[in-house]
Structure formats: structure tokens, C-alpha cells
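See structure below.
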Amino acid sequence: MASEKCPACGSCGFPMEKPEDFALGDTSRPYCRHCTDARGELLPYEQVLETNASYYEQSQGIKPDVAMRMAQAMLADMPAWRDR
Amino acid sequence: MLPATRQEQKEATRERLVNAAMDLFARGGIAQTTTADIAKSIGMSHGNVFVHFPTREDLVIAVIDEFGRRLATEFRGAFEKELGLRAVLRAHLRVLSELEPFYARLVTEAPLLPLKVRSTLLMLHAGVAREIFIALEKERKAGRARKFEKPMIFNTWIGLVHHYIVNRDLFASGDSVMAERGESLINHFMTLVKA
């Protein structure tokens, strides 16, 4: 199967395939709708971290402290956060 | 045909590396395969690998991301056609069966891999879980499925799938246990959730 390459969010890595996946539905934006606010601005790191940790917890029941460490590891090299 | 731009050449090289890595990881294991092995398999200098992937971990993650992209494409097809839970499960297993040798290594070695790699795999699982939860909720509202604790029902599905994949030599005679046994796993899961 040929895979269609799609951009990934520069904050969390979420694959952005459809316009509604992008901040404000604008496909030229580097971040996804989950990592941005109503004006399309990138949310604070702590908020993105908590959101990502909650994905691990809610989907697979991973312990909160481990979920937080996994989210930190995921975000560490993302363009939005690697220099923080 | 216009000559490829530098960016296109770079992307093509990156793709070759990802494909070669997926192949070698599947055959020799993720922890045991070196970047030098991967470079050699496609006639590339070892140093060139690091132009594209600064660390070995980044290359492993790129392979998992490729897997994630294929899943996203399959799920989009199932979602757009509103085909329901069975179609979501089939979409999941279709991608697993295409990449099964690599995936088998990944789930077998996962507890020993760096946290960053493991986090990427489990985030992929979160994406699969989301699709299952949405489809299951629709089935529940239509009176065809019972209500479950979300992590528990996802872990039931992924645990079942992983057991067959990790022990694939015990369950399948061909190359893909998901191709041979996948439909019976789906039937079992659908019976389990039925209202």
C-alpha cells in the first residue's frame, strides 16, 4: 500500500491529513488544532504536556507518573519544544 | 521529466533509509541492528545516515511514524465510509499484516527499547484506541454493543492481537498471522462487545 505523506504537528507529532486537523483549519500552519488555542497560537508547554499524558492514561490506563514521563519523552525533540 | 530538487532527493534518501531499516529490524531485531548495517544494505556511507537521522532512536521512530501514517490513511477510509467497528478493526489488522514482521519485533522488544521509542508506539496505540472508542460508542448508541471502561476494552483488543503476533510461529503457517487469523480475532471481539 502506498502511504500518503502528510505533515506532522511540530508540537506533538500528530499527523495532519485534513484541513480540520490544522490550527484554525489552515493547512499552512505548523501545529495541530489540539496544540493551539482559538486564535491558532501554540499553547503553553505544560498544557500540551498534560494533554499528551492524558492520551496515554485515558486510552490505555497508563499510570499518571509514567504517562507524564512518556509525554515528556515524546515532546523533547519536537521542533516547538526542542530548544526550551 | 524535471530533475528532482534537492529537497526531493533528500526525501527519497530518507524514505530509502526508513524502508531499509524496517526490513532489517524485521529480520535481525531492532536492538541488534546497527545504523552501519542499514547504511550498508543500501550502499550508503554510514555518516550519511546521521545527516537524515541524528540518532539511531530517530530512525526507529521514523519507522514507527511510517506505520502510523499508514494506519491514519486506513482509518480515514473506514471513517469516511462510516463502516463501523468491524471496519475499524479490519483497517487496524490490514496495516499490521502489511508490516507484521517489523511490528512483531517492535512489540516483542518494546519493554527494552528507549522510553522515547516506547512512547511513540504507545501514542500510536492511543490513536487506534480513539478510533475504536468512537466506533464502539456508535454501536452502543445503536443498541448493538455494551458499555466498557475505555482502557480495559482497548487493552483487551491490543492484548489479543499482540499475543497472536508475538507468537505468530505457533498460530500461522504462512507469512502473516493477521492475514490467517485476523478475521477470527475480529469475530471474537465483536461477540465480546455485543449487547
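Of note:
- Subset of segment B:136-155 that is in contact with a helix residue (DSSP H, G or I) (Cβ under 9 Å, 6 or more places away or on another chain) and away from chain A (no Cβ under 14 Å) - its residue that is farthest from A:Tyr55 (Cα to Cα): B:Arg144
- Among the residues of segment B:105-158, those that are among the basic types (Lys, Arg) and touching a residue at least 40 places away in the same chain (Cβ under 8 Å) comprise B:Arg105, B:Lys116, B:Lys138, B:Arg140, B:Arg144, B:Arg146.
- Test for B:His125: is it closer than 29 Å to A:Asn52 by Cα, part of a helix (DSSP H, G or I) and at pLDDT 95 or above: no
- Where a residue in segment A:45-65 is more than 11 Å from chain B (Cβ to nearest Cβ) and its partner, wherever it lies, is surrounded by 15 or more Cβ atoms within 10 Å (Cβ to Cβ) and part of a loop (DSSP other than H, G, I, E, B), with Cβ under 7 Å and at least six apart: A:Tyr45/A:Trp81; A:Val48/A:Ser11; A:Val48/A:Cys12
- When A:Met1, A:Met16, A:Met78 are checked against the criterion of being modelled with pLDDT under 95 and at the interface with another protein chain (Cβ under 9 Å from one of its Cβ atoms), A:Met1 stands alone in meeting it.
- Residues in segment B:134-149 that are surrounded by fewer than 17 Cβ atoms within 10 Å (Cβ to Cβ) and on the phi < 0 side of the Ramachandran plot: B:Ile134, B:Glu137, B:Lys138, B:Arg140, B:Lys141, B:Ala142, B:Arg144, B:Arg146, B:Lys147, B:Phe148, B:Glu149.
- Among residues of segment B:4-22 being of a type in the set (Val, Ile, Thr) and closer than 14 Å to B:Val51 by Cα, the one that is farthest from the chain's Cα centre (by Cα) is B:Thr13.
The values are calculated or read from the model by the stated rules, or taken from the named source; none is laboratory data. Since we're looking at a predicted model, the values are computed, not measured. Reconstructed Cβ throughout: ideal geometry from the backbone, glycine too, with neighbour counts over all protein chains shown.
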